[in-house]
Amino acid sequence: MKSHDEGTLFTMLVVGLEKCLRQRTPYPYPAELQYVMNVLSLYMTNYPKTFPDLLTMFEKPVKDWWCAGDIPDSFDPRLRLVYMGQITEALEDFLIEGELRGIDLKRIMLHVDNLPFRKFYEQMRADYDQTQLDEQIIIEAKYAHIRVFLIQHPFTTPAALRKEFGLQWELLDKFYISVEPDSYVYRSEGIVLNCLVCGALKSSRDGNPTSVKLEVCQNRCLTDWQEIFIEPHLKVVSEGVLRRIVIPGRVELALYIHLQDIQTQFATLNSLRIYPGVDAYDLQLHFEDGEAWAVDVKDYRDPIALGREIEGGPFRYPQNNRLYWDRFYYVIPDERETHYPGYCDKVRREAGLEEAPIHILPFSAFCRAVKKKVWEID
């Protein structure tokens, strides 16, 4: 069936599915999901009988069951839509960055959640690209300050924002929402829960606390959660910011702090920058011998999806650019390699990055590589 050009039906399906999984119950089905479900039921001889069965089907590669028209080129049909009752990172990336023309973006809540930060990022990046060195350093530091604050403070108050950012506090306020009964966060007897790994927790379908992003957090999420009393004016980062900034940022920040410890021990690690060039990549290291390393932290459960994401490798800057690097590292959390032996090799093959100077290493292996480098120079 090819009557719906440019993947319109597929896009309607994933938009409706994302909205459905954000509801406390699947019913009533969002209109987009209901429409495509009706189409699929007409074209599939073994259409699932129940909604749980439908979710099970969505956990299989799209190419194995999709029969209702084109799939947009920006979504790999070998990937899945759902994992453990939540949308996958591949689908989340498609919703935020993919081809969604013709669909009302305001109806996609996660996309809307993330728009204020994306606009802020795009403006900061444009300002950085259009200014001279002295101003670039100021802009880069401002961006890093704001991003690190969001990562470290999923819950805050306007008073705390004013204390940290002064007159600029309203800029940060756009990335937060009020903690109210209909917000996504878990609430129980006047408290909300914060995980030092995952950030704010939400209520699962059975009413228990759970991570917003199980696909990333299931092997790291703590059970000794921090209780935060719901005081007046308490705010939490929007769910889009939690998913896209806070949760992945926790690993980025942990690596930065670990490298700072190495830097205090070895003067041969001359400088260390987080989010250089307004997030051109995550970290930049400069060594005494003049070599520069760049780092992008990636946390995908599926190595094939990550391989597709980084296919072709990073942008290579000229030597006269502050973002120039001699070696580039994609760093993944240790748990990925532990729970999927050969994860890094799988990513490397899928991405076609088997040649140096591009490296794919677990967190601890990268830290050992840094120590080996500074020892050799020392």
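Every read-out reported here was derived from the displayed coordinates using simple, explicitly stated rules and does not represent laboratory data. Because the structure is a prediction, the values reported are computed rather than measured. Cβ: placed from backbone, ideal geometry, glycine included. Neighbour counts: every protein chain shown.
What distance in nm separates the simple spin-label points at residue 377 and residue 27, each placed 7 Å from Cα in the Cβ direction?
Distance between label points: 6.4 nm.
Per DSSP H run of n ≥ 4, the term is -39500 (n - 2.57); total these for the chain, divide by its residue number, and report the mean residue ellipticity at 222 nm rounded to 500 deg cm²/dmol. Intermediate results must be reported in sequence, preceding the final value.
On the way: 15 runs with 163 residues, N = 378.
Roughly -13000 deg cm²/dmol at 222 nm, from the helical runs in the chain.
Would you mind giving the average projected area, over all directions, of the Cα convex hull of segment 5-107 in nm² with one decimal?
That works out to 6.1 nm², a quarter of the Cα hull's surface.
Please rank 45, 210, 264, 56, fewest neighbouring Cβ atoms within 10 Å first, as an exposure proxy.
With the sparsest Cβ surroundings first, the list reads 45, 264, 56, 210.
Taking the mean number of other Cβ atoms within 10 Å as a proxy for protection, how do you rank 291-301, 196-206 from highest to lowest?
In descending order of packing, they fall as 291-301, 196-206.
Quick one: 3J(HN,Hα) in Hz for segment 60-67, Karplus 6.51/-1.76/1.60 with θ = phi - 60°, rounded, Gly and Pro as x.
For segment 60-67, the Karplus curve yields 9, x, 4, 4, 7, 9, 6, 9 Hz.
If I stretch the segment between residue 354 and residue 44 completely, what's the gain in nm (0.36 nm per residue apart, minus their alpha carbon distance), one decimal?
107.5 nm
Which of the GluC sites (Glu not before Pro) found in segment 205-265 are loop residues per DSSP with 11 or fewer other Cβ atoms within 10 Å of their Cβ?
Answer in residue order: no site qualifies.
For a footprinting-style exposure proxy, rank 57, 12 by other Cβ within 10 Å, fewest first.
In increasing order of surrounding Cβ atoms, one gets 57, 12.
Calculate the dipole size of the chain relative to its Cα centre from +1 charges on Lys and Arg beta carbons and -1 charges on Asp and Glu beta carbons; express the result in debye to the nearest 20.
Working: 44 positive and 57 negative charges, 140 e Å.
That gives the chain a dipole magnitude of about 680 debye.
Please compute, for the alpha-carbon atoms of the chain, the extent along each of the three principal axes and give them in descending order in Å.
Projected onto its principal axes, the Cα set of the chain covers 68, 53, 42 Å.
Relative to a virtual label point 7 Å from the Cα of residue 189 in the Cα→beta-carbon direction, which members of segment 147-169 show backbone nitrogen distances below 17 Å?
none
If one takes the longest principal axis of the Cα atoms in the chain, at what angle in degrees, from 0 to 90 and to the nearest 10, does the Cα axis of helix 8-22 lie?
Helix 8-22 and the main axis of the chain meet at about 80 degrees.
Sticking with the crude label model, points 7 Å out along Cα→Cβ, report the distance from residue 203 to residue 145 in nm, one decimal please.
If labels sit at residue 203 and residue 145, their model points lie 3.9 nm apart.
Does anyone have the angle between helix 363-377 and the longest principal axis of the chain? Alpha-carbon axes, 0 to 90°, nearest 10?
10
Once phi is turned into θ = phi - 60°, what whole-Hz ³J(HN,Hα) does the Karplus curve with 6.51, -1.76 and 1.60 give for every residue of segment 292-302, x standing for Gly and Pro?
Rounded to whole hertz, the list is 10, 10, 10, 9, 10, 7, 10, 9, 10, 5, 9.
Based on Cβ point charges of +1 for Lys and Arg and -1 for Asp and Glu, what charge dipole magnitude is obtained for segment 255-374 about its Cα centre, in debye rounded to the nearest 20?
120
For segment 188-249, how big is the tail of P(r) above 14 Å, as a whole percent of Cα pairs?
Roughly 56 percent, once rounded to a whole number.
Hey, can you rank 302-308, 254-260 by average C-beta count inside 10 Å, highest first?
On the way: 302-308: 21.0, 254-260: 15.9.
For the peptides 302-308, 254-260, the packing ranking is 302-308, 254-260.
Relative to the longest principal Cα axis of the chain, at what angle does helix 109-129 sit, 0 to 90 degrees, rounded to 10?
The two axes meet at around 30 degrees.
Output the lone cysteines of the chain: those with no second cysteine's C-beta under 4.7 Å from their C-beta.
20, 67, 344, 367
Evaluate the Debye formula for segment 166-212 with equal point scatterers sitting on the alpha carbons, no solvent, and hand back log10 of I(q)/I(0) at q = 0.14, 0.20 Å⁻¹, in q order, two decimals.
Relative scattering, expressed as log10 I(q)/I(0), comes to -0.42, -0.72.
What are the residues whose amide H is under 5 Å from the amide H of residue 131, where those residues sit 5 or more places off or on another chain and H is modelled from the backbone?
none
Stretch residue 74-residue 123 to full length: gain in nm at 0.36 nm per residue minus the Cα-Cα span?
So the chain would gain 15.1 nm between residue 74 and residue 123.
Cut-off 18 Å, label point 7 angstrom out along Cα-to-Cβ of residue 63: give me the residues of segment 287-307 whose amide nitrogen falls inside.
So the set is 302-307.
Expressed in nm², what is the orientationally averaged projection area of the convex hull enclosing the Cα positions of segment 314-370? Working shown, then result.
Numbers: hull surface 17.5 nm².
The orientation-averaged projected area of the Cα hull of segment 314-370 comes to 4.4 nm².
Would you list the P(r) distribution for segment 112-243, with all Cα-Cα distances sorted into 10 Å bins from 0 and each bin expressed as a whole %?
12, 39, 31, 14, 4, 0
Hey, got a sec? Which chymotrypsin sites (Phe, Trp or Tyr not before Pro) in segment 4-77 land in a DSSP loop and have at most 12 other Cβ atoms within 10 Å?
When the chymotrypsin sites (Phe, Trp or Tyr not before Pro) of segment 4-77 are filtered for loop state and at most 12 Cβ neighbours within 10 Å, nothing remains.
Specify the inter-centroid distance of segment 353-378 and segment 136-176, based on alpha-carbon positions, in whole Å.
Cα centroid of segment 353-378 versus Cα centroid of segment 136-176: 32 Å apart.
Full extension from residue 339 to residue 223: what is 0.36 nm times the residue separation minus their Cα-Cα distance, to one decimal in nm?
Here the segment from residue 339 to residue 223 would lengthen by 39.8 nm.
Given all pairs of different Cα atoms, what value in angstroms does the Kirkwood hydrodynamic radius of segment 244-377 take? Could the numbers behind the result be given before it?
On the way: mean 1/r = 0.0662 Å⁻¹.
About 15.1 Å, per the Kirkwood formula over Cα pairs.
Could you compute the net charge surrounding residue 45? Neighbours are other residues with a C-beta less than 15 Å from the C-beta of residue 45; K and R count +1, D and E count -1.
With Lys, Arg at +1 and Asp, Glu at -1, the neighbours total -1.
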